Structure formats: C-alpha cells, structure tokens
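Contents: one structure, followed by commentary.
The values are calculated or read from the model by the stated rules, or taken from the named source; none is laboratory data. Small disclaimer: the values here were computed from a predicted structure and weren't measured. Every residue, glycine among them, receives a Cβ derived from its backbone with ideal geometry; neighbour counts consider all protein chains shown. For accessibility, only protein heavy atoms count, side chains too; no ligands or nucleic acids. Shrake-Rupley method; radii C 1.70, N 1.55, O 1.52, S 1.80 Å.
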Amino acid sequence: MESLIQQFNIDVRAVQPILFTMLEHMHTGLQGPSHSMLMIPTFTDVPSKPVNGLYLALDFGGTNFRCLLLNIKHNEILDSWSDSRKIDPQIPTSKELMSVLGGFIQDFLHLHEKELTPRPDILYTGYTFSFPTEQTSLNSGTLVHWTKEFITKGCVGEDPVKQLQEELNKRNLDWVKIIAMCNDTVGTLCTRRLTDPSVEIGVILGTGSNASYREKISNIKKLDPKAIYSSDHMLINMEWGSFSGMPQNEFDKIIFEKTKEHSSQPFEKQISGRYLPMMAREALRKAILTGCVFNGLWGDGSTLSDEEKSPFSDIHREMWDEKHRLRGEEMEEIIWDESEKKEKVEEILRQLWCKSNPRLKLREGVTLQLSDLSLVQQLFKAILTRSARLSAIAVSAVVIHIVKGFIEEAKEKGRSETDYLAKHPKITAAIDGSLFTHNRGYKEEMARSVELCLDSVKGYCLTSSSSSSSSATPSSSTETSVSFSFPSIIPEVVLEATNDGSGIGAAVIVAANS
Ligand code: BGC
C-alpha cells in the first residue's frame, strides 16, 4: 500500500524541469497553434473604469446553468437576482441544449419583469461559456472541443454566442444582446480585480480546471499585428487543462483511457473535481485486487470471497455513471473522518460496494478492519493532496511568467531588474471552484506548495540539452544546450478564494467594454 500511496507523492521543491516545460508551452501557445495549452486571446483586459448599470449574466460551464440580473453601481453590486438549473452533459444535440438554455432564460426574464420595467431597448448581456473556445472577438469564437464529459453534438466547431443569440431571437428576446463571451477564469479574475489591483491571475478548481492571466499584447504574437486595441494588455485564457507535462502515474493513464475525449485535458483529469473521485475509485480497486487492503481478513477473521471482490474487478468497467460513482462529497467525507472507528469511511465503502453489486450485502454485522479503513483514507488523501500540489506548480509557472514580464518591462524603461517590486509587491491569484473553496485543507496545502515551489527556483539556472537535426545532413543531429534563469526575486503570492466570479465576471466584462 505504501508504494501505491507513494505514486501520488510530488515533491514541489524538485519541479524545475516541469516549470520550464510549462513556461515553454505557454510561450509556444502565444505564438500560434499549439498542441498543448491553447493560450486563447480574450479581446479584453481587466476593467479600467468604474462599472455601473443593469446587466444580464449567463453562466454555463458544468453541471449548472445560471442566470443573474445584476444592478451594479461604482463596482458594487446593489441588487442581484439569480436562478440556476442542472444541465445534463449527455444532452444529445445542440438544438435540445439551446432550447433548454433559451427556455430557462425566457422564464427567468419573465419572473423578473418587474425589475426590467420599463423594459430596456437593449439588455446588455455577458455569457460565461467555460469550455475551450478559440475567440475571434469579444463576442464570437469557436468551440474547440467539449470537456467535463459533455457530449452534445452540433456545438464543436460552432460559435456558442451565435447559437444562443439565435435561440434568444427565435423567442422574441432579440433585445437581450450578448455583448461579451468570457471564460469562468477570466470572469473570476475581472471580478476580484475590481476591488484588488494585485490580482493578476484567475483560476478555477472545480468540476474542471483552468487559469487566465494578463499578458502584454506585444507578446501575443498570434494576434493580428495590424489590429488596434484599447489597452496594451489582454487577458489570456490558458486552457491549462490540456497541459501534458505533469508527471503521470498508472492511474492517470487509466483515467485518460476511460474518459470521453480521452486524449484531451490530461492535466485537468489529474486535478479536477470531475475526475478525482474516479481516480480514488480506481486506486481503491487496485488496492483491493492486489490485496493491499481487506486482504482476506475482515474484522471477524474471515476472507474476502471472489464475489465480494467482484465489484472491483475488471468486468465492472461501468463505474463512471451516477449509480456506481463515488461522489466528490463522499471522497471528502472519507478523507476527513476523524472518528476513532472511522465509521463514515466504513459506511461509504459499504455503500459503494453495494452500489456496484446490488446482490451483495457486504456481510452486515461484520466490521471492516480499522487499519484497512485508515489506509483507504490515506490513499484518498494522497490523491487530493497531489491535486493541490500540481495546481500549485501550475500557478507557480504562471507567476514566474508574469514576473519575467515585469522584469523585462522594468529593463525596457531603463530601471533595475528588481525595480518592478515597488509597483508589484504582491501577486494575487483569484480562485473559485468547489475543490478550492470547499475542501478542507486544500487551500492551505496549495498555498504552502506555491511558497515551497517558488522558493526552490529563485535565482535557479536550468540547463538542459536538446537535439536538433540539421537539414543539410538529415542523419546528423546537433546537441544544443538551453539555459533558463528563474527570477531571483519573486513577490509575495496570495491565493484568494473568490466566490461567484464566473457569473458576475461576464457582467463586469460587458460593462468594461461598453
Ligand atoms: C474548460 C475551461 C474552464 C474550466 C473550468 C475546463 O474543462 O476547458 O474552459 O475554464 O474547465 O470550468
């Protein structure tokens, strides 16, 4: 069991090559098409003027769709009305999906007729659409692929704003105008930035995961060089879920194989809430089948029969649906069961067994070995801790990228390398998502890991050799060595929980751009 748990251990002080790879992929993504993170230009910067007015925000990015009507004055939300409904990722067609979203918006507006009287000629609307969408302007783009196990046909390759606006028009809601589309990370960044100028990064750690940050427009080489923008910075939606450079273990590979779109979103599948319980279940399966836990011996000394093991055997591959699934809350309850007898761990494990095989009543009356329950708890904790550490490594890479930008800017202005610190003594990452905001200990583990990780790279110089073949003599290759210096001074990094940024953010972005 020790070696199983060890597979989830990451030493955040020894990850210089990972940081370097992530920085390289960020750089490549800013140049043009990328096989790793998409690094999507969002056509907006953070709000630079006070936000005022009445806005509709639509938030679609996972299990729920939300409508929010917001009355904002001088960056403060005076009134807000909101409602949400569950969305099934299995909705088969875009037509059906649009009809569900459109119908819900229509009902919501009807319910809030009073707040919308007199009816505005135009209700300025922001649409948070949190799936990898290559933007072509503030309110247009193309969905690259689904994530978070969505399968709806007729959306990939299409413009999500156009699809929803057409549905609204069909329902005589053409006065509801989608002015801006944004990703939830961008919404979170912008919302927090209204009250905290040190916010440079927006992160979501929930069902899915991703980050955005502020980039200098001159560094975004893939943008049309002739285009004119109102700011010299633009927010970049990284789509870091598709980063493939994190160390992977056997369970990551199993999850990649078993999930939809299995070749995409490797990093997201290692850390996010949609996948962690699957990972826990897979690791538990291995632990049982290899005899690391419940190895024959139950509380009463009897052995685990083949039938009792069977829910965890290979023939039971259907463990991803609702019925057989270990839920995120259950995983958390297992991890945090501090009772002497680990009753909650036992209760959930028994249920899980029965869910997988209803014929089986796991010998009621027989207690499971306390030592085994503790081992399962440790295993699940290791999986959650790894998620916090990997997220910390990714945030650290973004911080290093930003700091390098600050240093370059200082140098361009003829100032010393460290001068930027006076202007940026602190970098804040605004973070939303249930994994970060609800899981006890996650935030602390992540903050500790960011600190350790950044401390370990300060002033570090990484030299790696790479081979490139010469075109004149294709058979010969030359070894070149690449060296990369990490900044020697890094400002304080703060991770700040930010609730509801993804919804409110869409309204903030509409306001900032209208
Ligand atoms: C999506 C991102 C989103 C993240 C968090 C990922 O699956 O690709 O666009 O920001 O989930 O919701």
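Miscellaneous remarks
- Residues considered: LYS177, LYS170, LYS148. Of these, the only one that is of a type in the set (D, E, K, R) and modelled with pLDDT under 95 is LYS148.
- Cβ separations smaller than 6 Å between residues 6+ apart or across chains give the following pairs from the range 118-134 residues that are over 14 Å from LEU56 (Cβ atoms) to residues that are aliphatic (A, V, I, L, M) and open to solvent by 10 Å² or more (accessible area, probe 1.4 Å): PRO132/LEU38; PRO132/VAL144; GLU134/VAL144.
- Residue ranges of strands (runs of 3 or more DSSP E) in the range 80-190 with at least 3 members away from the ligand (no atom under 16 Å from the Cβ): 123-129, 176-182
- MET234 surrounded by fewer than 24 Cβ atoms within 10 Å (Cβ to Cβ) and either within 12 Å of the ligand (Cβ to nearest atom) or under 26 Å from MET181 (Cβ atoms) (or both): yes
- When PHE251 is tested against the conditions (1) among the hydrophobic types (A, V, I, L, M, F, W, C); (2) open to solvent by 40 Å² or more (accessible area, probe 1.4 Å); (3) part of a helix (DSSP H, G or I), the lone failure is (2).
- Near pairs, Cβ below 7 angstrom, 6+ apart or cross-chain, from the range 17-31 (aliphatic (A, V, I, L, M)) to any residue that is open to solvent by 70 Å² or more (accessible area, probe 1.4 Å) and not in a helix (DSSP H, G or I): LEU30/LYS221
- When residues of the range 192-201 are limited to those that are of a type outside the set (D, E, K, R) and in contact with a strand residue (DSSP E or B) (Cβ under 7 Å, 6 or more places away or on another chain), the one farthest from the ligand (Cβ to nearest atom): SER198
- Apart from one condition, THR21 fits all of (1) polar (S, T, N, Q); (2) away from the ligand (no atom under 16 Å from the Cβ); (3) in a strand (DSSP E or B); the exception is (3).
- Taken as a whole, the condition of being open to solvent by 20 Å² or more (accessible area, probe 1.4 Å) and in a strand (DSSP E or B) applies to ARG214.
- Applying the condition of being surrounded by fewer than 14 Cβ atoms within 10 Å (Cβ to Cβ) and of a type in the set (S, T, N, Q) to the range 117-150 and asking which residue is farthest from MET98 (Cα to Cα) yields THR117.
- A single member of GLY245, GLY208 is touching a helix residue (DSSP H, G or I) at 6+ places or on another chain (Cβ under 6 Å) and away from the ligand (no atom under 12 Å from the Cβ), and it is GLY245.
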